[in-house]
Amino acid sequence: MDFEYSDRCKALQATLLDFMDRHIYPVENVFYEEVDRNGREKNNRWIPTDIVEQLKPLAREQGLWNLFLPKSPRAPQGLSNLDYAPLCEIMGRVPWAPEVFNCSAPDTGNMETLERYGTEQHKQQWLEPLLRGEIRSAFAMTEPGVASSDATNVEMKIERDGDEYVINGRKWWISGAGDPRCKLFITMGKTDFDAPRHQQQSMILVPSDTPGITITRPLPVFGYDDAPHGHCEIIYDNVRVPAANILLGEGRGFEIAQGRLGPGRIHHCMRAIGVAERALELMCKRLNSRVAFGKKLSDQGVWRERIAEARIQIDTARLLTLKAAYMMDTVGNKGAQAEIAMIKVLAPNVTQQVLDWAIQAHGAGGVSGDFPLAYQWAGNRTLRLADGPDEVHRNAIAKLELAKHTPLKEDLALPVTRG
């Protein structure tokens, strides 16, 4: 099993590290200051920030653009999952940085979905402007009325009416829906409630300005509204779209969800490792700079234990992530489903622990806005729910393990999940 990065990956890694040092870290707080200023002066926190838009052309010029999408003629710069992993980790160190490189969720997953399952018309209308960074998108699957950890529970109705589909239902925690640049909702609902369980669902492309769509509210995460991105609740009331907007055809939604969520999960984990790595760095710097009871905090045994454990856990999570990426590249997403599930459990939990230690090392400052730790803690905590809660992934891992030792493998079907 070869985890060696390609020469191209290593060159991009050096370029990206330099870009972060020159253009991201020095203005990290400018992003949040712009959002707050828009809220005060223009009474609108949902205006896209200038800082991100100013950096996008520079990132594109340096070849740091659309690196997440492998094997696409429309994005020949796209890397393998293994080569993308260290770059995604670097981008993840600052929450808003991935958008600068057109590598932010949920657009990455949506672009992969359009590339793999869309028609040529879909790609020209939606994929190409997404790849150019001209628009943004959202993925509408989770619903407030059902346990969305099991995607077969979705109740949104998608009904055929002549040359159109009519959509009715409610979605929530739809990340990116608050952004005024969001022009597309890839929406999952049911076209046939009487079909076999995994053939009831379909996915359909819904322009965000379609009559009948109402964004009712942004949903804050531990008090953060994540403007101008946002996580919103949306009502679809007799929303009509052309029948040609269906992806693959009726009853294929669960299949598409399986293909979409695998890469999305591992991207989350790659970014989470970047968060953990940065938290460890901040923790060490803080411990080296503080004296209590006559000696530096970094000389105290409890903190050395935590530093050592953080390093062990981060490297463990990174290695499992690389294994999952390697398998996705070599045997496909389905062949890597156990590794994807394992890293989806491990990485967010490791990162949460390291963030917690880093916050503790910073004392009261750790829970303030003076350091990035509190915001990163809030964002990372959602990863134990997003794209499937820990419990469902652990159940899937157990089923795969049990299947090695039972002849009744057909009884161990694995669900697609989303928080």
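Rounded to two decimal places and with Rh computed the Kirkwood way over Cα pairs, what is Rg over Rh for the range 254-411?
1.08
From the P(r) of the range 197-293, could you give the percentage of C-alpha pairs in the tail past 24 Å?
54 percent
Note the listed values (i) 78, 63, 42; (ii) 66, 49, 39; (iii) 60, 60, 45, then indicate which one is Cα extents along the principal axes in Å calculated from this particular structure.
(i)
Under 13 Å from a label point 7 Å along Cα→Cβ of residue 288: give me every residue in the range 296-319 with its amide N that close.
Flagged as within label range: 297-299.
Cross-link list 71/334; 344/399; 123/344: which exceed 22 angstrom alpha carbon to alpha carbon?
Listed pairs above 22 Å: 123/344.
At q = 0.11, 0.22, 0.23 Å⁻¹, what log₁₀ I(q)/I(0) does a Debye calculation on the Cα points of the range 136-247 give, no solvent, two decimals?
-0.33, -1.21, -1.30
Would you list, by chain and number, the aspartates and glutamates whose Cα falls below 16 Å from the Cα of residue 42, excluding same-chain residues fewer than 8 positions away?
Leaving aside aspartates and glutamates fewer than 8 places away in the same chain, those within reach of residue 42 are 33, 34, 50, 179.
For the chain, what does the helix formula give at 222 nm: sum of -39500 (n - 2.57) over DSSP H segments with n ≥ 4, over the residue count, nearest 500 deg cm²/dmol?
Mean residue ellipticity, 222 nm, calculated: -15000 deg cm²/dmol.
Give the longest segment of the chain that steers clear of chymotrypsin sites (Phe, Trp or Tyr not before Pro) in DSSP loops with at most 12 neighbouring Cβ atoms within 10 Å, not counting the sites themselves.
Here the longest run is 4-192.
Just the Cα atoms of the range 1-88: what Rg and Dmax do they give in Å?
When restricted to the Cα atoms of the range 1-88, Rg and Dmax are 16.3, 55 Å.
For residue 42, what charge total do you get from the other residues with a beta carbon under 15 Å from its beta carbon, if Lys and Arg give +1 and Asp and Glu give -1?
Summing Lys and Arg as +1 and Asp and Glu as -1 gives -2.
Bear in mind these aren't lab numbers, they're just calculated from the coordinates by the rules spelled out. What you see is a predicted model; the values in this text were computed from it and never measured. All Cβ positions, glycine included, derive from the backbone under ideal geometry; neighbour counts span all protein chains shown.
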